[in-house]
Structure formats: structure tokens, C-alpha cells
Amino acid sequence: MSLLLVGCTVGLIEQTTTPARIEVIPVSPSPHVVWINGHYGYRNNQYVWIDGRYAKPPRGRKVWVPAHYVPVSEKYRYVKGHWK
């Protein structure tokens, strides 16, 4: 089962996160998967680390757009990572 989240956002937050953690990327289990870097996600009013992982792109999609923050006024909007 695949889950495709495109353009998903979470409410506005006051500030962005701390720097990313250093991850050791394991050997790819298949030539048909891509590495998705770990990142901080904003859940329940706090930042939580989400470990990196390998994932198979959905059919017709090849590029992973990492989670990121978009400035909105004096706050930030968290945009979840998604396939493009």
C-alpha cells in the first residue's frame, strides 16, 4: 500500500527547527528505491525526529521533495515531504 501526500501542510508555528542530525545511510536494498533523509517534523506542539528511510517512488513519480518550512508573516508553515 502506498500513501501519496502532495502539498500537505500543518498549522503555523513560531520558529523552525534545530539543525538536522547526522545519519549513516545504509546500503540500498534495491536499485528501485531512493533515500529519504531524516528530518524534524512538528507534531503535538513539539519537534520530533523522523528517521531517514528508503522508499520506492509511486508509479510516474521520481523525485522526493523533502519536508520544509515556508515563511508566512512572522511564523512558518510546515510542508510535509512528498513525491513529485
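Readers should treat all values here as calculations from the given coordinates under stated rules, not as data from a laboratory. Predicted model only: the values in this text are computed from it and were never measured. Note: ideal-geometry Cβ built from the backbone for every residue, glycine included; neighbour counts use all protein chains shown.
Determine ³J(HN,Hα), in whole Hz, for all residues of region 53-60 in sequence, where each value follows from phi through the Karplus function 6.51 cos²θ - 1.76 cosθ + 1.60 and θ = phi - 60°; x replaces Gly and Pro.
Result, rounded to whole Hz: 7, 8, 8, 8, x, x, 3, x.
Using each residue's phi in region 71-78, evaluate 6.51 cos²θ - 1.76 cosθ + 1.60 at θ = phi - 60° and report the 3J(HN,Hα) Karplus result to the nearest Hz, with x for Gly and Pro.
With coefficients 6.51, -1.76 and 1.60, one gets x, 9, 6, 9, 10, 9, 10, 7 Hz.
For a protection proxy built on the mean count of beta-carbon atoms within 10 angstrom, sort 37-46, 74-83 highest first, please.
Packing order, densest peptide first, comes out as 74-83, 37-46.
Find the Rg to Rh ratio for region 9-83, where Rh is the Kirkwood radius over alpha-carbon pairs and Rg uses the same atoms.
1.02
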